[in-house]
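**Student:** After the structure tokens below, expect a handful of questions from me.
The values are calculated or read from the model by the stated rules, or taken from the named source; none is laboratory data. Because the structure is a prediction, the values reported are computed rather than measured. Glycine gets a Cβ as well: all are built from the backbone with ideal geometry, and neighbour counts include every protein chain shown. What goes into the accessible areas is simple: the full protein's heavy atoms, side chains included, and nothing from ligands, DNA or RNA. Shrake-Rupley method; radii C 1.70, N 1.55, O 1.52, S 1.80 Å.
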Amino acid sequence: MKNFKDFRVGGYSLIELMVVAGMLAVLALMSWPALQESRYRAELDDAADNLTALVRAARLQAIATDSAVWVGKSHAQSLCFWQQEQRPLDCPAADGLNAPLSPRVEVEALFGAFEATRFYGGSGMAGFATGRFELRHYELPHEAVRVIVSSLGRVRVCRVGIRQLRLPPC
């Protein structure tokens with residue numbers, strides 16, 4: 001008959017496994033705020049990309065149709081572009097954003113006394129309707145993304161704050 005000591009199997013004890021699991025839990029808890037912040041930045045970046053695409057599509061629509069196109073907020077506070085001078089009550093589905101903005105992202109339209117900008121037909125220039133859209137995330141109060149429209153119709157995106165690494169500073 002063989003002794004049990006001869007059949008010893010190498011491995012980790014339960015205490016060693018519990019210590020490693022505890023260390024992993026502490027690391028996960030320490031990294032949680034950074035993961036949340038990166039998720040909020042991704043939401044802000046997605047909103048900026050969608051808004052930039054909408055503004056550029058409005059400019060191209062003005063050039064293609066040879067008529068003035070407005071882009072901004074409707075009375076229902078959704079973002080879209082339209083061709084009449086009056087702001088629409090709500091945006092038609094075809095003229096709105098491809099994906100809705102996150103409810104935690106706020107868009108402010110700063111175009112003088114207006115909440116929209118106008119691209120002139122044929123040339124796509126904005127003329128005196130220059131200004132910017134400013135996007136802010138409720139969880140990132142010291143950071144913002146600006147979508148700036150120049151008088152020549154140029155659309156530029158830049159960042160305000162210290163952490164937006166993928167965009168140039170304003």
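**Student:** Considering the dipole of the chain built from charges on the beta carbon (Lys and Arg +1, Asp and Glu -1) around the Cα centre, which of 30, 110, 149 is farthest to its positive end?
**Tutor:** The residue sitting farthest along the positive end of the dipole is 30.
**Student:** By how many degrees, 0 to 90 and rounded to 10, does the Cα axis of helix 14-65 deviate from the longest principal axis of the chain?
**Tutor:** Taking the Cα atoms of the chain, the angle to 14-65 is about 10 degrees.
**Student:** Could you check how much of the accessible area of region 64-146 is carbon and sulfur, as a whole percent, using a 1.4 Å probe?
**Tutor:** 52 percent
**Student:** Could I ask something else about it? Please sort by residue number the trypsin sites (Lys or Arg not before Pro) in region 129-170 whose DSSP state is loop and whose Cβ has at most 13 other Cβ atoms within 10 Å.
**Tutor:** Within region 129-170, the qualifying trypsin sites (Lys or Arg not before Pro) (loop, at most 13 other Cβ atoms within 10 Å) are 154, 163, 166.
**Student:** Something else: Using only protein heavy atoms and a 1.4 Å probe, report how much of residue 30 is accessible, in Å² to the nearest 10.
**Tutor:** We get 140 Å² for residue 30.
**Student:** Give, as a single signed number, the net charge of other residues whose beta carbon lies under 11 Å from the beta carbon of residue 148, with Lys and Arg counted +1 and Asp and Glu -1.
**Tutor:** Counting the neighbours of residue 148, the net charge comes to +3.
**Student:** Modelling each spin label as a point 7 Å along the Cα-to-Cβ direction, I'd like the residue 152/residue 139 distance in nm, to one decimal.
**Tutor:** Using points 7 Å along Cα→Cβ, the separation is 3.9 nm.
**Student:** Turning to a different aspect of this structure: Rounded, prolate or oblate: which one fits region 72-156, using the alpha carbon gyration tensor with axes a ≥ b ≥ c (rounded when a/c is under 1.5, else prolate when a/b beats b/c, else oblate)?
**Tutor:** Oblate is the answer for region 72-156, as a/c is 1.5 or above yet b/c matches or exceeds a/b.
**Student:** A further question follows. Describe numerically, in nm with one decimal, the distance between label points set 7 Å from Cα along Cα→Cβ at residue 87 and at residue 102.
**Tutor:** In this crude spin-label approximation the distance works out to 2.5 nm.
**Student:** Rounded to the nearest whole Å², what accessible area per residue is found for the chain with the 1.4 Å probe?
**Tutor:** Accessible area per residue: 65 Å².
**Student:** Taking the convex hull of the Cα atoms, report for the chain its projected area averaged over all directions, in nm².
**Tutor:** Computed as one quarter of the Cα hull surface, the answer is 16.2 nm².
**Student:** Based solely on C-alpha atoms, express the radius of gyration and the Dmax of region 15-100 in angstrom.
**Tutor:** Calculated on Cα positions, Rg and Dmax stand at 22.3, 75 Å.
**Student:** Still on this structure, please answer the following. To the nearest 20 debye, what charge dipole does the chain have about its Cα centre, counting +1 at the Cβ of each Lys and Arg and -1 at the Cβ of each Asp and Glu?
**Tutor:** Dipole of the chain, to the nearest 20 debye: 520 debye.
**Student:** Next up: What whole-number distance in Å separates the alpha-carbon centres of region 128-149 and region 46-79?
**Tutor:** If we compute the Cα centre of each part, the gap is 15 Å.
**Student:** Once label points are set 7 Å from the Cα along Cα→Cβ at both residue 46 and residue 16, what is their separation, rounded to one decimal in nm?
**Tutor:** Reported label-point gap for residue 46 and residue 16 is 4.3 nm.
**Student:** So which chymotrypsin sites (Phe, Trp or Tyr not before Pro) in region 106-145 end up in coil per DSSP with only 13 or fewer other C-beta atoms within 10 Å?
**Tutor:** Filter output for region 106-145: 128, 138.
**Student:** Among 57, 74, 158, which residue has its Cα furthest toward the positive end of the charge dipole of the chain, with +1 on Lys/Arg Cβ and -1 on Asp/Glu Cβ?
**Tutor:** Going by the Cα projections, it comes out as 158.
**Student:** Can I ask one more? Where a ≥ b ≥ c are the square roots of the eigenvalues of the C-alpha gyration tensor, would you call region 45-85 rounded, which needs a/c under 1.5, or, failing that, prolate if a/b is larger than b/c, or oblate?
**Tutor:** oblate
**Student:** Hey, another quick one. Restricting to the chain, what percent of DSSP beta bridges are antiparallel, rounded to 5?
**Tutor:** Counting DSSP beta bridges with both partners in the chain, the antiparallel share is about 95 percent.
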